[in-house]
Amino acid sequence: MNKEDQLVMSFRNLYNKMVWLNNSRMKDSFEDYKSSEVHCMEYIGRNADSNVTKLAESFYMTSGAISKMTRKLIKKGAIESYRKPGNKKEIYFRLTEKGQEIYKIHEEMHKEFRERDKAVFDQVTEEQLESILSLVEKYSRHLDEEIKKQGADIKSE
């Protein structure tokens, strides 16, 4: 296996391990919510005037899938929809009090994850981090271009 293949496989394995560890912790805290729903609430909590289009772009999902998820979150009482005065067409989302509570718990979990992983990052130099970030950003831009070739209009975060 060449170095590029090793790197891609390492990215995949690293991602899968993080998802497994983080999801097992999230299941303990959010038994009534899927990971994707919690992350949807996180996005809404961090981004004013979130709508289906912005959520779909952020999560690389279809508008239909996001609409289904937001309907579930509304039904669960975690988010609510609203419209801006003068714009009757566009529907936006914000967290309810219940959603805010989940958002805060999720933020605390992210702190726990950072603390868990601190031992690794304490061993990495600033120069190494910059190099890795540069590679990841280049790879991400490349994948954005490949997605565009597929006919999708994805905006990278």
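The values are calculated or read from the model by the stated rules, or taken from the named source; none is laboratory data. Everything numeric here is computed off the predicted structure, so don't read it as measured data. Virtual Cβ from ideal backbone geometry, glycine too; neighbours counted across all protein chains shown. Accessible surface is based on the protein model in full, side chains and every heavy atom, while ligands, DNA and RNA are left aside. Shrake-Rupley method; radii C 1.70, N 1.55, O 1.52, S 1.80 Å.
Below are the figures for this structure:
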| item | result |
| --- | --- |
| Meets criteria (surrounded by 14 or more Cβ atoms within 10 Å (Cβ to Cβ), outside any helix (DSSP H, G or I) and under 15 Å from the mean Cα position of the chain (by Cα)) for M26 | no |
| The one condition in (1) over 14 Å from M41 (Cβ atoms); (2) touching a residue at least 24 places away in the same chain (Cβ under 8 Å); (3) open to solvent by 100 Å² or more (accessible area, probe 1.4 Å) that Q123 fails to fulfil | (2) |
| Qualifying residue in segment 48-58 (condition: within 18 Å of F30 (Cβ to Cβ) and either of a type outside the set (A, V, I, L, M) or in contact with a strand residue (DSSP E or B) (Cβ under 9 Å, 6 or more places away or on another chain) (or both)) | no |
| Hey, Y43 aromatic (F, W, Y), under 15 Å from the mean Cα position of the chain (by Cα) and open to solvent by 70 Å² or more (accessible area, probe 1.4 Å) or not | no |
| Number of the exception - E37 against (1) in a helix (DSSP H, G or I); (2) open to solvent by 80 Å² or more (accessible area, probe 1.4 Å); (3) farther than 26 Å from Y139 by Cα | (2) |
| In segment 55-112, residue most open to solvent (accessible area, probe 1.4 Å) [restricted to those that are of a type in the set (S, T, Y) and part of a strand (DSSP E or B)] | S81 |
